[in-house]
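In what follows, a structure is listed as structure tokens, so that the remarks can point back to it.
Bear in mind these aren't lab numbers, they're just calculated from the coordinates by the rules spelled out. All figures in this text were calculated on a predicted structure; none of them were measured in a lab. Every residue, glycine as well, gets a Cβ built from its backbone with ideal geometry; the counts of neighbours run over all protein chains shown.
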Amino acid sequence: MKYFDGLLIFLFLIFFQCESYSLPRFATKQKDKCIDCHYNPTGGIIRNESGFYYGQNILSMISPRSDEITLSPKLNDNISIGMDLRGQFLYSQEKSRTDFQRMEGSIYTNINLSKKINIITNYDFVNQHWEAFGVARILPNNSYIKGGSFQPYYGIRIDDHTAYTRGGDFALLFINGARQGLIYDPLYTEAGVELGVYVSNLIFFTSSVGTNLYNRTLTKDPSYTARLEITPSIGKVGLLLGGSYAKADAPRNTNFYGGFAGIGYDRFSLLGEFDRANDLRAPGLKSNVYMAQASYVIFVGLEALVRYDRFDPNINVSDDDISHLIVGFEFIPYSFIEIRPQYRFILEHPSVDNDAVVIQMHFWY
């Protein structure tokens, strides 16, 4: 497609003053923390009772009525279950064809060993991928120690892995076998330990060390990740500020660092992130990654969303970058059912007819 910079800048400026609503968007809008809706302190995987209630009664256009079956994620007082099922219909302009794709089929469990200790598991049947870890909230101010196999906490963990700040066009558009984005795709995990410290109600710091999926043993080249998050508020406006650093041997010895920010007010939200990646594509190369995501809740159950993200694989070479401009909606007609129609503009030099239409279906519990 043609690289229409003027229209892109116009749309971006319109939505730059909005707020967003994916996994981190909820926290920004509600001025909450990840742990307010998830058993995992860094968000994602199984939802706790508050997160389950929010998904059942707050997000959807229509919720279960009182005379319908009573819903609960709890099998008993100590064990809870959950799931995420995702698939999509895809039309690729580049391939001139349509296709249906399986994306995710994850089953979650949470086991409360005590009021302070949880064991969390996740198995994705579609990708044959698993996570399992324990969380002990035994430090002051509900701070914790996590151990097991999990994804380290880096940047803003939005729920679309095609963002270049995550895995990029994961398994779809790797150009000449090269990764288009950072390493944090849905299948990236590390076996190790994580320390999470709530310095105050406004400051959250995490640091982890582990062995990534490219290495089998923790030898001389472990991976290190650190993240600082500050969540102040001004009246009804929720703010998010922070930065991340990671050193990983995936697939080579590389490091990432960057900052992120967000703002939420009423029906609007905005999230943004910038990262520098050293030696990601090849030794000696420096890459930049940008992401901005904004949305507006039209009414309960329907939200308009725009995201722009860009990957520059070599900052010393001009016209080698690739960008997304994604325009779409998130429609939740009934509790735990989500439909996401999107049009994806793919922007690059030279221009190529490779846009895509995506309709995603998401069921969760």
Revision key, fill the gap. Simple SL model, points at 7 angstrom along Cα→Cβ for GLN88 and GLN128; separation in nm is 2.3
Revision key, fill the gap. Here the FRET efficiency for TYR224 versus ILE62, based on Cβ atoms and R0 = 51 Å and rounded to 0.05, is 0.65
Practice item. For segment 95-108, just list the computed ³J(HN,Hα) in residue order, Karplus coefficients 6.51, -1.76 and 1.60, θ = phi - 60°, integers in Hz, with x standing in for Gly and Pro. Key: 9, 6, 7, 10, 7, 10, 10, 7, 10, 7, x, 9, 10, 10
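Could you tell me the relative contact order of segment 5-364? Use alpha-carbon pairs under 8 Å, at least six residues apart, and round to a whole percent. Don't jump to the answer; show the numbers that get you there.
Values: 939 pairs, mean separation 61.4, N = 360.
Result for segment 5-364 is 17 percent.
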Practice item. Could you tell me whether segment 5-364 comes out rounded, prolate or oblate from its Cα gyration tensor? Rule is a ≥ b ≥ c as square roots of the eigenvalues, rounded for a/c under 1.5, then prolate if a/b exceeds b/c, otherwise oblate. Key: rounded
Point to revise | Lysine pairs in segment 5-364 with Cα atoms under 25 Å, if 8 or more residues apart or on separate chains | key: 20
Exercise for review: Would you mind counting up the charge near LEU139? Only other residues with Cβ under 15 Å from its Cβ, with Lys and Arg at +1 and Asp and Glu at -1.
Suggested key: +3
Review point. How much length is gained on full extension from LEU241 to ARG97, taking 0.36 nm per residue of separation minus their Cα-Cα distance?
Key: 47.7 nm
Check your understanding: Between the DSSP loop rule and a limit of at most 12 other Cβ atoms within 10 Å, which trypsin sites (Lys or Arg not before Pro) in segment 35-139 are left?
Key -> ARG65, LYS95, LYS115
Review point. Label points 7 Å out from Cα along the Cβ direction at ARG252 and ASP279: separation in nm?
Key: 0.8
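Taking the Cβ of PHE204 as the center, what net charge do the other residues with Cβ under 10 Å away carry, scoring Lys and Arg +1 and Asp and Glu -1? Don't skip to the end; give the middle numbers.
Values: positive: LYS33, ARG227; negative: GLU229.
Residues close to PHE204 contribute a combined charge of +1.
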Study note, to complete from the structure: Here, ILE359 and THR70, labelled 7 Å along Cα→Cβ, have an inter-label distance in nm of 3.8
Review point. For SER106, SER149, SER223, what's the fewest-to-most ordering of other Cβ within 10 Å of each Cβ?
Key: SER149, SER106, SER223
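Quick one: net charge of VAL317's neighbours, Cβ under 15 Å, K/R +1, D/E -1? All intermediate terms of the calculation are to be shown ahead of the outcome.
Details: positive: ARG281, LYS286, ARG310; negative: ASP312, ASP319, ASP320, ASP321, GLU348.
Net charge around VAL317: -2.
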